[in-house]
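**Student:** There's a structure below that I have some questions on.
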Amino acid sequence: MIDINQRNTYDEFTLNELGVNEMITSQRQKKKLETRKLILDTALDKFAKDGLMATRTSDIAAAAKVSHGTVFAHFPTREILLNEVIEEFGTGITKRLHELVNINSGMEEVLEAHLKGISENEIFYTRLVSEGHLLNESARNSWVMIQSAISFHIIQVAEREIKAGNIRDMAVNMLFNTWVGLIHYYLVNGDLFAPGECILKRYSKQLIEHYINLITIKKGE
């Protein structure tokens, strides 16, 4: 027969042991999440600098100062890692649009928000534009979803502005594609337009003004 005081001691020891185990598990989980974020952030930088196709997982491991095996423990294949990086990047851009655009925003405001979101990691975005056609199907789908999310915001504002008679009545898909085509042309040819500089830092205002001028209905028209 177990003495009640002895049993209480056992119960207290068990609870303390469980608490320690939970704390260790929590610390391990936190460390795991931190390592995963480190790999993702480093991968984004390496993909931006060295290219989506040229960057190796061993390059990412070395830059992150983790073992090659650690990279694969979090991301079993290079394709999965690249896909995760693109998704994280896309989430960041769309979140930025949500933050910067409100229900009363006009075309100029939404275009400014779009370029601000891109400019926060212009080099990686430019890699997606220039190498997007080389991506595997899953990564390419993630890239397409980024454009779809962006187009939703821009088209939503455009439809309201068309209805109000502020901008030309045109197919909204062409309106969006014309804008994106203009931006992508400047980004891909950045070495010509702004060698050694950020394209959007230099040309954002000019690009927005030019595009707004193209789509705005002038008085008397």
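Any read-out appearing in this document is the output of simple, stated calculations on the displayed coordinates, not a laboratory observation. Here the structure is a predicted model, which is why all the values come from computation and not from measurement. Here the Cβ positions follow ideal geometry from the backbone for every residue, glycine too, while neighbour counts run over all protein chains shown.
**Student:** Against the empirical 2.2 N^0.38 Å scaling, what ratio does the C-alpha Rg of the chain come to?
**Tutor:** Normalised Rg, Cα atoms only: 1.45.
**Student:** What is the packing order of peptides 79-87, 174-182, taking the mean over residues of other C-beta atoms within 10 Å and listing the highest first?
**Tutor:** 79-87, 174-182
**Student:** Another question, if that's okay. Express the relative contact order of the chain as a whole percentage, based on alpha carbon pairs under 8 Å and six or more residues apart in sequence.
**Tutor:** On the way: 158 pairs, mean separation 40.7, N = 221.
Contact order relative to length: 18 percent.
**Student:** Can you tell me the 0 to 90 degree angle between the C-alpha axis of helix 137-163 and the longest principal axis of the chain, rounded to 10?
**Tutor:** With rounding to tens, the tilt is 50 degrees.
**Student:** Pairing the Cα long axis of helix 122-131 with the longest principal axis of the chain, what angle in degrees results, from 0 to 90 and rounded to the nearest 10?
**Tutor:** For helix 122-131, the angle is close to 80 degrees.
**Student:** May I pose another question? Let's test the formula: R0 of 45 Å, r as the Cβ-Cβ distance of Gln206 and Asp59. What FRET efficiency results, to the nearest 0.05? Intermediate results must be reported in sequence, preceding the final value.
**Tutor:** Values: r = 36 Å, r/R0 = 0.80.
Given R0 = 45 Å and the Cβ-Cβ separation, E is 0.80.
**Student:** Rounding to the nearest 20 debye, state how big the charge dipole of the stretch 77-221 is about its Cα centre with +1 on each Lys and Arg Cβ and -1 on each Asp and Glu Cβ. Show your work: numbers first, answer last.
**Tutor:** On the way: 14 positive and 19 negative charges, 70 e Å.
So the magnitude is around 340 debye.
**Student:** Under the rule of at least 5 residues apart or a separate chain, name every residue whose amide H is placed under 5 Å from the amide H of Ile167.
**Tutor:** It is Ile162, Ile217, by chain and number.
**Student:** Fully extended, how many nm does the chain gain between Lys49 and Cys198 (0.36 nm per residue separation, minus their Cα-Cα distance)?
**Tutor:** 52.3 nm
**Student:** Ok, one more. When Ser58, Ser119, Ser105 are ordered from fewest to most other Cβ atoms inside 10 Å of their Cβ, what list results?
**Tutor:** Ser58, Ser119, Ser105
**Student:** Taking R0 as 25 Å, what FRET efficiency do you get between Ser138 and Gln29 from their Cβ-Cβ distance, rounded to the nearest 0.05?
**Tutor:** After rounding to 0.05, the efficiency reads 0.40.
**Student:** Between the helical axis of 78-100 and the dominant principal axis of the chain, each derived from Cα atoms, what acute angle in degrees is found, rounded to the nearest 10?
**Tutor:** 60 degrees
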